[in-house]
Amino acid sequence: MKRFAPIAALLVVMATSGVEAHQGEMGFMFQFPAGLEPTLDGEMDDWAFIPEVYYNRAESMFNQFGAPLDLSDFNSYQIWGYSLATNKAYLGAWVSDDAIHNTEKWSTTTDWDHTGGQFRGFGDESEEFQERWTGAQAQRYDLYAPTFASGGFYTSHRGSAEWAGLPPHLEWGGKYTKGEVNSFEPAEMQAEFAITPWDDAHPDGPEASTEHIFAVNQIIGLEANWGDKDPDPGAYDDAYWSLFGGIGASAQADQFGDFLLAPLEPGLPTAVENSTWGQVKASFAQ
Ligand SMILES: [Ca+2]
Ligand SMILES: [Ca+2]
Ligand SMILES: [Ca+2]
Ligand SMILES: [Ca+2]
């Protein structure tokens, strides 16, 4: 079979995908004012002033398998945000689960330049192609933190550019507020993540890569999923809760949903200098 050169093949993938292929209703990424980006310490007080419209709650998630919605079985919220000052994406999340263990996590997939198209699962391509392009034009992250995964990490990028899943390009803070990791007992946890966005995450490292630059009113592609694998830690055949219901989103960016990068909310401070969170919150309370 005649093979395309890698870049030509990728361009074909991009050209045959479209914005209209994305899933579900548009969500909104909150814009953190410069200086008010969250501190990744596992405390969620620096998310508390974000309006409800930015909360993505378990009630609106989609399960492609059998389990019906039961908030005593799995409950969560996610808030996605960004900052023009830091050019980072931020995810704040809370999870309540009646049986927690260390194969359960957020799987999130990102297509910041909204090309759609395949980005993993290139099994029919050459090893060279797979090494260059797996996870390059869109990314799949596994976010276990604050759980230490059975695989031996808190966060990872499931692509050739493994460095993209590690500090300083993916950082987190989090904690269990109830229960214990891998107990198979009820637990609650909260976590916050900062992610550097990439249009091309190159296996050779950040210097060989293309960082995505956020701008107000951009539309980006995103999916986030939680496999609540209570009955069988080895299988997803009970519940795989998805933000947009994008079946196949682990390899196809057309299956992501759309998020709008929102303008600054009115009433928030636009610049904070030499200020602690206590002082900022006190100013809101007046
Ligand atoms: Ca915090
Ligand atoms: Ca559960
Ligand atoms: Ca892309
Ligand atoms: Ca569970």
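Taking the Cα centre of segment 26-266 as origin and assigning +1 to Lys and Arg Cβ atoms and -1 to Asp and Glu Cβ atoms, the resulting dipole is close to 240 debye.
The calculated FRET efficiency for the pair I247 and L71, based on their C-beta separation and a Förster distance of 25 Å, comes to about 0.65. Taking a ≥ b ≥ c as the square roots of the eigenvalues of the alpha-carbon gyration tensor, segment 23-152 is classed oblate because a/c is 1.5 or more while a/b is no larger than b/c. By the Cα gyration tensor, the chain has an equivalent ellipsoid whose semi-axes, rounded to whole angstrom, run 30, 24, 18 from largest to smallest.
How would you rank H212, H101, H22, going from fewest to most other Cβ atoms within 10 Å of each one's own Cβ?
Placing the least packed residue first, the sequence is H101, H212, H22.
Protection proxy ranking for 158-167, 233-242, using the average of other Cβ atoms within 10 Å per residue and placing the highest first: 158-167, 233-242.
Values quoted throughout were computed directly from the atomic coordinates according to the rules given, and no laboratory measurement underlies them. Not measured: the values here are computed from a predicted model. All Cβ positions, glycine included, derive from the backbone under ideal geometry; neighbour counts span all protein chains shown.
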